[in-house]
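A quick write-up on the structure given underneath.
The values are calculated or read from the model by the stated rules, or taken from the named source; none is laboratory data. The model shown is predicted, which means the values in this text are computed figures rather than measured ones. Positions of Cβ are generated from backbone atoms using ideal geometry, with glycine treated the same way; all protein chains shown enter the neighbour counts. These accessible areas exclude ligands, DNA and RNA; they are computed on the full protein's heavy atoms, side chains included. Shrake-Rupley method; radii C 1.70, N 1.55, O 1.52, S 1.80 Å.
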Amino acid sequence: MFHSPQMVKKRVPEWLNSSLWSSSPSPSIDDDRVQRYTSNPTAAGLTTEISSSSASDSEPASTVHPPIPVAPPKSTREDKPPPEPQSTDSFPDHEDKSNNTTPSPEDISRQSQLLAELSRKVINLRELRRISSQGIPDGAGIRSTVWKLLLGYLPPDRGLWSSELAKKRSQYKHFKDELLMNPSEITRKMDNGTTSDHDELKCQSKGLLSRSEIPHGEHPLSLGKSSVWNQFFQDTEIIEQIDRDVKRTHPDMHFFSGDSQDAKSNQDALKDILVIFAKLNPGIRYVQGMNEILAPLFYVLKNDPNEEDAAFAEADTFFCFVELLSGFRDHFCQQLDNSVVGIRSTITRLSQLLKEHDEELWRHLEITTKVNPQFYAFRWITLLLTQEFNFADSLHIWDTLLSDPEGPQETLLRVCCAMLILIRRRLLAGDFTSNLKLLQSYPPTNISHLLYVANKLRAMRPTGYRGSFMYEDLTNLIILIALKLCLVLIARDPFENNSIPPCEQLKPTLTPLE
C-alpha cells in the first residue's frame with residue numbers, strides 16, 4: 001500500500017559551512033596517539049578490547065601524545081609557580097591562551113545562575129541541567145558539586161548531603177579494607193587459632209602467616225575456586241594492567257604524572273578505584289580505557305575548593321564513576337558486542353544519525369571511500385571523546401553530556417555526528433587514507449559551536465528522511481486518509497441515496513458531480 005519515495009539528495013544548511021566555523025588544516029599530529037585505542041583499519045573485524053595496539057608492555061609512554069591541557073584556575077601543583085611550562089610540540093599555542101582571557105558576560109551570567117541554584121534548600125535539577133548544558137565556568141569552582149548532582153551522587157535536598165556523603169565515604173573505606181587486603185591478612189582473620197611459638201610471633205610481626213596458621217584450603221598453591229590466594233593471583237594480571245595504564249594517563253599533566261608526591265598519590269587513588277571496581281563487577285572487571293574516563297572525574301573532584309570534599313575525592317570519584325559507567329558499561333562487555341546494547345549497535349546508530357542529517361557525507365564516507373565508522377567512532381564513544389580534544393575542552397563537553405536528562409549516550413552520538421558535519425568539506429574532498437587520518441586525529445575546533453550544532457540536531461528533523469515509519473508518520477497518514485474520506489462524503493449529492501463510493505473513488509480533490 002505504501003511506496004518509498006525516490007531518494008533525494010539532501011543539502012546541509014549553509015550556516016554549517018560558514019567560513020567562521022571552518023577548521024583550518026591541523027598541524028602535523030603524531031598518529032601514535034590515536035593508534036593507542038584504534039585497531040588496524042584493514043583488519044577484517046574490530047576487536048572489542050580498547051587499546052589493542054598498546055597491548056605490548058614494552059611500549060614506552062612517550063609514544064602517546066595527548067593534547068596539551070588547559071588547567072582550571074586552581075593549580076595542579078602547589079610547588080610550582082604558574083604558568084607551568086608544557087610541551088607544545090603537537091598543538092599550536094592558541095590552545096594555551098584560553099586561561100588568560102577574561103570571562104565573557106555569558107559566563108558571568110551563567111555562573112551567577114548556577115550559584116543561585118546551588119544555594120537553594122532543594123535544588124531544581126531540571127533548571128540545573130538547563131544551565132549546565134551550556135557549560136560550567138571554570139572560575140566558579142562549582143563544577144565538582146554540579147557534576148555530583150548531575151550524576152545522582154548528591155540528592156537535590158541540601159539537608160541530606162552530610163549524611164549521604166558520610167555513608168558513601170564510609171562504604172568506600174569498607175571496600176578498601178576488604179578488597180585491597182593482603183591474602184595473608186584475610187587468612188589470619190579467617191583463622192581463629194592462636195599460637196605462642198616465638199617464630200610464629202616473629203612472622204606475625206612481619207605481617208606474614210606461619211605455616212601452622214595456613215588452613216589447607218587457603219594455601220598459596222591452592223587452586224580452589226573459593227581460595228583467596230587463587231583469586232589473588234587471578235587479580236594480579238588485571239592489577240598490573242591497571243598500573244601500566246594509570247602511569248600512561250595524561251603524561252603531559254603534572255597532576256597525573258611526575259615524581260612529585262601529589263602525582264604519585266593521585267595515581268594510587270586511580271589504581272585503587274579501578275581495582276575495586278573490577279572486583280565488584282566481575283562481569284566486566286577492567287577494560288583498557290577506563291582510566292581515561294576516570295581521569296576527568298577525579299581531576300574535577302580533587303580540585304574542589306572545599307578542602308574536606310577534596311580530601312575525600314577518591315571515595316566520591318568512585319561512586320560518580322560507577323554512576324557514569326552505568327550508562328556505558330555494556331560497551332565494555334565483550335559478550336554484548338553484537339547485541340542491541342553493545343558497542344557495534346551504538347556505532348550503527350551513529351551511522352544512521354549521520355545518514356539522516358547528511359546523506360551525501362554518509363555515502364561518501366561509508367560507500368565511496370569505505371571508511372568504516374568503527375575505525376574512528378569506537379574510540380570516540382567508548383572513551384567519551386576524552387582523547388579527541390584538549391583536557392579543558394573535554395571538561396566542557398562533559399558538562400553537556402552529563403546535563404542531558406535522557407542520559408549521556410544520546411548527546412554523545414549527536415556530538416559525534418556534529419564532529420563529522422563540521423569537517424564535511426575536508427571529508428568530501430578526501431580519500432580513504434586522508435579521511436581516516438583526519439578522523440583519528442580530529443582537528444582543533446570551536447567547542448561552543450560544536451555543542452551548538454549538536455543541540456540543533458536534537459530538535460531538527462532530518463530533511464529528506466526516508467527511514468521506517470515512525471509513530472508520527474503513521475498518525476499523520478491516518479489523519480490524511482480520514483480527511484480524504486470526509487472530502488468525498490461532503491462532495492456527494494445529499495439527496496442521492498447511494499452507498500459510500502469504492503476506494504478507487506477516494507480522491508484528494510473535489511470533483512463536481514454529474
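From the phi angles alone, apply the Karplus equation (6.51, -1.76, 1.60; θ = phi - 60°) to the range 388-401 and give each ³J(HN,Hα) in whole Hz, x where the residue is Gly or Pro.
Each residue's phi maps through the Karplus curve to give 9, 9, 5, 4, 5, 5, 4, 5, 5, 5, 5, 3, 6, 4 Hz.
Pop out the carbon and sulfur fraction of the accessible area of the range 343-459 as a percent, whole number, probe 1.4 Å.
Details: 1820 of 3620 Å².
C and S atoms contribute 50 percent here.
Highest mean first, what order results for 275-288, 409-422 on Cβ atoms within 10 Å?
Working: 275-288: 17.4, 409-422: 22.1.
In decreasing order of mean packing, 275-288, 409-422 become 409-422, 275-288.
Mind checking the full-extension length gain between Glu178 and Arg126? Use 0.36 nm per residue of separation minus the Cα-Cα distance, one decimal, nm. It would help to have the intermediate numbers written out before the result.
On the way: separation 52, 0.36 × 52 = 18.72 nm, distance 3.82 nm.
Residue separation times 0.36 nm, minus the Cα-Cα distance, leaves 14.9 nm.
Sort the following peptides by mean Cβ neighbour count (other Cβ atoms within 10 Å, averaged over residues), highest first: 397-404, 264-271, 115-122. Present the calculation step by step, with values, prior to reporting the outcome.
Working: 397-404: 21.9, 264-271: 18.1, 115-122: 12.2.
Order by mean packing, descending: 397-404, 264-271, 115-122.
When you count, for each residue, the other Cβ atoms within 10 Å and take the mean per peptide, how do 239-247, 303-311 rank with the highest first?
Numbers: 239-247: 17.9, 303-311: 13.8.
Peptide ranking by packing, descending: 239-247, 303-311.
Using a probe of 1.4 angstrom, how much of the accessible area of the range 285-342 is carbon and sulfur, in percent?
Values: 1030 of 2140 Å².
Solvent-exposed carbon and sulfur of the range 285-342 make up 48 percent of the total.
Using a 1.4 angstrom probe, figure out how much accessible area the range 343-459 has per residue, in square angstrom, rounded to the nearest whole. Intermediate results must be reported in sequence, preceding the final value.
On the way: 3620 Å² over 117 residues.
Result: 31 Å² per residue.
Hey, which of these cross-link pairs are over 18 Å Cα-Cα: Lys264/Lys302; Lys173/Lys271; Lys370/Lys437; Lys148/Lys176; Lys176/Lys279?
As for pairs spanning more than 18 Å Cα to Cα, those are Lys148/Lys176.
Give me the dipole magnitude in Debye, nearest 20, for the range 343-459 about the Cα centre, with unit charges on the beta carbon: positive for Lys and Arg, negative for Asp and Glu.
Values: 13 positive and 12 negative charges, 63 e Å.
Here the size comes out at about 300 debye.
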